[in-house]
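The values are calculated or read from the model by the stated rules, or taken from the named source; none is laboratory data. These numbers were taken from a predicted model, which means no experiment stands behind them. Please note: Cβ atoms are built from the backbone with ideal geometry, for glycine as well, and neighbour counts cover all protein chains shown.
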Amino acid sequence: MSDGNPDVMDTLAGLADVPGLAALRRQRAEVVKHLQGSDDAIFAPAHHGGLTRPEREAAALRVASLLRDPVLEEHYHRRLVALGEMHPLNGARGECILAHVDRVTMDPADSTKADIDALLGAGLSPHAVVSLSQLIAYVNFQSRLLAGLRMLKGAA
Amino acid sequence: MTRVMRDFTQGELDWQPWLAPVDLDAATDAQRTALKITPSNRTVGAYSLVLAHDPEALEQRSPLYNAIMFGAKGLPRAERELSVVMASRINGCAYCASVHAKRFTELTKAPDVMARIQADGADAPLDPRQKAIVDYAAKLTRDPAAITPADAAPLRAQGLSGLEILDLTHAVAMFAWANRLMQTLGKATTPAREGNPL
């Protein structure tokens, strides 16, 4: 909030009414800056590398659903609706992406090289494979930070 | 004991990518910027070269990681390392668990702590402050939806400030991210040597 505006994480955690907690986050200004920067780079990159914006929002929605975070789900659902393409993860490509989302979120240790090869085989570029992996990992990060911020908010 | 731990702390772990890394000689300007390549610095590991396929994400993630793990004041660095060892063990990221166990022991000069965690995981006998940190890290890693305001109480009882709890949360969350990249874009290859904590 070097510019005084709430970021995505403030909004998701509902910190508008909790100025103390929003201010606490600003004690870690570099974290706040590069967290919002990551959100921008992951969902609205200048070059999407073959992983489309609707695919990104739909994959994030799936992570939020797996982690049972209704606020995150609503966030990504709303962004997907705004793009006007509700079911971008159809067909073999979409199924392959969703399988990756599920495994990386719930059982990351079960990953194998065959999973990466399957994504490449489904037409994803190396750029898109890395973007998808960053996205899944980022939403997993988001859910943990949100849980911690809600805890601090509720315990204040 | 000290010798054994020193042996593992010097153990070089390797990481083999499952996706061809970016060829540094063919890297775009955006990739070189994200990798912080300069004429005097061309030392980049395979992991970073894989992430460089998406330079925009990498360029943000690297400083975010550094701010979370090395930011001044707040939660002592060793306790950040402790929390991410627990997160990495639960996620099953052998590479991350080993690297950060080593850092913890370097910072604390207390190899017995990682020895106990190696033996008993999240149930390891620890001092009360370390126990509170490890318990929170484990719960947040396993199931963030299960965290409630009551989970702050054990941390507060051990004297953690709001900033320290935020730092702890950032660290655990960062490894929900870092572990997943490491585990799904390649494979850790761990040398089977005596004293290796894995």
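For the range B:123-137, what are the residues that are over 16 Å from the mean Cα position of the chain (by Cα) and in a helix (DSSP H, G or I)? Spell out the reasoning first.
Step one: of the range B:123-137, the residues over 16 Å from the mean Cα position of the chain (by Cα) are B:123-132, B:135.
B:Asp123, B:Pro128, B:Arg129, B:Gln130, B:Lys131, B:Ala132, B:Asp135, listed by residue number.
Does any residue of the range B:24-44 turn out to be within 11 Å of another protein chain (Cβ to nearest Cβ), modelled with pLDDT of 90 or more and in a loop (DSSP other than H, G, I, E, B)?
To start, the set of residues in the range B:24-44 that are within 11 Å of another protein chain (Cβ to nearest Cβ) comprises B:28, B:30-31, B:34.
So of that shortlist, the ones also modelled with pLDDT of 90 or more come out as B:28, B:30-31, B:34.
In the following step, the residues that additionally are in a loop (DSSP other than H, G, I, E, B) were identified as B:28.
Yes, because at least one residue in the range B:24-44 is within 11 Å of another protein chain (Cβ to nearest Cβ), modelled with pLDDT of 90 or more and in a loop (DSSP other than H, G, I, E, B).
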Take the conditions among the hydroxyl-bearing types (Ser, Thr, Tyr), part of a helix (DSSP H, G or I), assigned by TED's automatic domain parsing to the domain that holds B:Thr169 and on the phi < 0 side of the Ramachandran plot and apply them to B:Ser88. Does it pass? yes
When you go through B:Pro125, B:Pro63, B:Pro149 one by one, which is the residue that is in the same structural domain as B:Ala46 (by TED's automatic domain parsing) and surrounded by fewer than 19 Cβ atoms within 10 Å (Cβ to Cβ)? B:Pro63
Out of the residues in the range A:26-44 meeting the condition of being in a helix (DSSP H, G or I) and of a type in the set (S, T, N, Q), tell me which one is nearest to the other protein chains (Cβ to nearest Cβ). A:Ser38
Tell me the residue from A:Arg62, A:Arg56, A:Arg68, A:Arg78 that is of a type outside the set (A, V, I, L, M, F, W, C) and either modelled with pLDDT under 95 or part of a loop (DSSP other than H, G, I, E, B) (or both), please. A:Arg68
How many residues are at the interface with chain A (Cβ under 8 Å from one of its Cβ atoms) and basic (Lys, Arg) if we restrict to the range B:63-91? 0
For the range A:87-109, indicate whether the set of residues that are small (Gly, Ala, Ser), surrounded by fewer than 22 Cβ atoms within 10 Å (Cβ to Cβ) and under 22 Å from B:Ala138 (Cα atoms) is non-empty. yes
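If you take the residues in the range A:65-86 that are out of contact with any Pro (no Cβ under 8 Å at 6 or more places or on another chain) and closer than 26 Å to A:Gly121 by Cα, which one is surrounded by the most Cβ atoms within 10 Å (Cβ to Cβ)?
Of everything passing the filter in the range A:65-86, A:Leu66 is surrounded by the most Cβ atoms within 10 Å (Cβ to Cβ).
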Tally up the residues in the range B:159-185 that are modelled with pLDDT under 95 and more than 8 Å from every other protein chain (Cβ to nearest Cβ), please. 1
